[in-house]
Amino acid sequence: MRLYALQCCSSAEPEENLARLRQQLSPLGDQPGDKLVVLPECVLAFDGPKGQWQSLAEPLGEGPLQARMAELAQLAGCTLVAGTLPILADDGRAYAASLVFDQSGQRVGRYDKLHLFDVTIGDNTGHYRESDTTHPGQQIEVIETSLGRVGLAVCYDLRFPELFREMTARGAEILVLPSAFTRVTGDAHWEALLKARAIENQVYMVAAGQVGVHANGRQTWGHSMIVDPWGELLADAGEEEGMIDAPFNRERIQEVRQAMPCLNHIRLPL
């Protein structure tokens with residue numbers, strides 16, 4: 001069983017991004033065994049013109065973006081965490097929905113990004129107001145896959161440890177994180193936060209990020225990573241496009257939890 005994180009510099013053109021994804025994922029179809037593949041946030045359209053996110057939004061279960069992602073999961077013979085796609089919300093915004101498709105192309109999970117990135121950063125973009133276009137999610141999601149139980153989160157969620165602790169309490173063995181971390185915040189905190197979430201929950205962490213300079217000048221950090229339950233960095237994509245992978249070993253989770261039984265020692269006095 002293997003874990004994969006794909007790193008790319010997505011453009012604002014969905015068809016262009018889909019063609020590249022197909023080229024990158026098709027070789028996995030020849031690989032035996034169970035595979036979990038995580039794509040970056042906004043993988044089909046990133047840093048596009050104002051209003052593009054909402055204009056691409058689809059009803060859940062309908063539309064070409066979701067259909068093409070289902071096809072990619074079948075092509076690669078994997079469980080595919082399809083980054084984030086815009087799914088229609090009632091107020092005119094769109095959910096940043098991380099949809100999961102199994103090897104047959106069936107949707108087996110949906111997580112809507114809970115924490116929205118409304119911050120000011122010292123980079124080329126400066127001000128980020130994700131809530132202007134994105135409706136916040138309302139639920140935590142842990143799903144059954146062929147590899148085990150997977151907890152879903154997206155990018156800025158990484159800074160909120162309570163979410164990851166709750167997913168672990170619900171049985172998550174793997175935590176996944178489609179992302180588009182800024183270059184400034186990624187350089188400062190990305191690796192430390194990923195390792196912390198893996199160590200404190202004693203799970204595998206698979207984080208797939210955008211990388212490089214995008215259409216309107218936005219800069220993303222890259223360094224997609226796979227971290228094991230002890231905090232060991234199993235793979236780092238650096239600042240180039242490509243895909244990393246590492247083995248998933250459930251026995252490793254049990255080994256770490258027996259050696260350091262922190263999850264059994266949690267005490268939260270009122």
For this session: Might you check whether a residue that is under 24 Å from residue 244 (Cα atoms), touching a helix residue (DSSP H, G or I) at 6+ places or on another chain (Cβ under 8 Å), of a type outside the set (Asp, Glu) and in contact (Cβ under 8 Å) with a residue 60 or more places away in the chain occurs anywhere in segment 59-81?
Result: yes
For this session: Quick one: in segment 105-127, of everything that is under 16 Å from residue 159 (Cα atoms) and more than 16 Å from the chain's Cα centre (by Cα), which residue is surrounded by the fewest Cβ atoms within 10 Å (Cβ to Cβ)?
Result: 120
For this session: Might you check whether a residue that is in a helix (DSSP H, G or I), under 25 Å from residue 222 (Cβ atoms) and hydroxyl-bearing (Ser, Thr, Tyr) occurs anywhere in segment 15-32?
Result: yes
Exercise. Can you name the residue in segment 34-53 that is modelled with pLDDT under 95 and not in a loop (DSSP other than H, G, I, E, B) and, of all such residues, is surrounded by the most Cβ atoms within 10 Å (Cβ to Cβ)?
Worked result: 53
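Mind counting the residues in segment 1-19 that are within 19 Å of residue 77 (Cβ to Cβ) and buried (at least 17 other Cβ atoms within 10 Å of the Cβ)?
Let us first name the residues in segment 1-19 that are within 19 Å of residue 77 (Cβ to Cβ), namely 1-6, 18.
From what is left, the residues that are buried (at least 17 other Cβ atoms within 10 Å of the Cβ) are 2-6, 18.
Total meeting the criteria: 6.
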Seminar exercise, completed: Among (1) under 23 Å from residue 250 (Cβ atoms); (2) in contact (Cβ under 8 Å) with a residue 24 or more places away in the chain; (3) surrounded by fewer than 23 Cβ atoms within 10 Å (Cβ to Cβ); (4) hydrophobic (A, V, I, L, M, F, W, C), residue 89 falls short only on (1)
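Under 19 Å from residue 194 (Cα atoms) and modelled with pLDDT under 95: is that true of residue 160 in this structure?
Working: under 19 Å from residue 194 (Cα atoms): yes; modelled with pLDDT under 95: no.
For residue 160, the condition - under 19 Å from residue 194 (Cα atoms) and modelled with pLDDT under 95 - is not met.
Going by the conditions given, is residue 186 in contact with a His (Cβ under 9 Å, 6 or more places away or on another chain) and either without any contact (Cβ under 8 Å) to a residue 12 or more places away in the chain or among the small types (Gly, Ala, Ser) (or both)?
Working: in contact with a His (Cβ under 9 Å, 6 or more places away or on another chain): yes; either without any contact (Cβ under 8 Å) to a residue 12 or more places away in the chain or among the small types (Gly, Ala, Ser) (or both): yes.
Considered against the rule, which asks whether it is in contact with a His (Cβ under 9 Å, 6 or more places away or on another chain) and either without any contact (Cβ under 8 Å) to a residue 12 or more places away in the chain or among the small types (Gly, Ala, Ser) (or both), residue 186 comes out as yes.
The values are calculated or read from the model by the stated rules, or taken from the named source; none is laboratory data. On a predicted model such as this, the values are computed, not experimentally measured, just so you know. Cβ atoms come from the backbone with ideal geometry, glycine included; neighbour counts cover every protein chain shown.
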